[in-house]
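The values are calculated or read from the model by the stated rules, or taken from the named source; none is laboratory data. All values reported here derive from a predicted model rather than from experimental measurement. FYI the Cβ positions are ideal-geometry reconstructions off the backbone, even for glycines, and counts take in every protein chain you see.
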Amino acid sequence: MVFTVEGIYMKKKKAEALMQRLVQNKISRPEFEELLGGLEDPEMVNGMEESMRIHFEIVLNEYNKSLKSNGQVENKHSK
């Protein structure tokens, strides 16, 4: 099996697009099945992980901004 940089890039972009449609609740059944099938493909999984990490950071930043604008204090947990 031969992998090309272009092929890996396209799988990553496809995974990112599918994850975006999922979090926006706009994913179709065939797209969702494709997303689930991609969990067996390492390149697709990498794209999904990156997309979810970016989405999580955006949501977390928006939440923190809303806390600050409401005058609430952020609760920092130490590890």
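Answer yes or no as to whether K11 is free of Cβ contacts under 8 Å to residues at least 12 places away in the same chain and over 10 Å from the mean Cα position of the chain (by Cα). Even if it seems obvious, please write down each step before you answer.
Numbers: free of Cβ contacts under 8 Å to residues at least 12 places away in the same chain: no; over 10 Å from the mean Cα position of the chain (by Cα): yes.
In short, no.
Conditions tested, residue by residue: (1) surrounded by 10 or more Cβ atoms within 10 Å (Cβ to Cβ); (2) at pLDDT 90 or above; (3) not aromatic (F, W, Y).
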{"site": "E6", "(1), (2), (3)": "no, no, yes"}
{"site": "K11", "(1), (2), (3)": "yes, no, yes"}
{"site": "L18", "(1), (2), (3)": "yes, yes, yes"}
{"site": "R29", "(1), (2), (3)": "no, yes, yes"}
{"site": "F32", "(1), (2), (3)": "yes, yes, no"}
{"site": "E40", "(1), (2), (3)": "no, yes, yes"}
{"site": "M44", "(1), (2), (3)": "yes, no, yes"}
{"site": "K65", "(1), (2), (3)": "yes, yes, yes"}
{"site": "G71", "(1), (2), (3)": "no, no, yes"}
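May I ask you to list the residues in the stretch 29-55 that are charged (D, E, K, R) and either without any contact (Cβ under 8 Å) to a residue 24 or more places away in the chain or touching a Phe, Trp or Tyr at 6+ places or on another chain (Cβ under 7 Å) (or both)? Let's see the steps before the verdict.
Step one: of the stretch 29-55, the residues charged (D, E, K, R) are 29, 31, 33-34, 40-41, 43, 49-50, 53.
Hits for the stretch 29-55 are R29, E31, E33, E34, E40, E49, R53.
For the stretch 46-63, which positions are at pLDDT below 90 and of a type in the set (S, T, N, Q)? Of everything in the stretch 46-63, those that are at pLDDT below 90 and of a type in the set (S, T, N, Q) turn out to be N46, S51. Considering (1) outside any helix (DSSP H, G or I); (2) of a type outside the set (G, A, S); (3) surrounded by fewer than 12 Cβ atoms within 10 Å (Cβ to Cβ), the lone condition that N61 does not fulfil carries the number (1).
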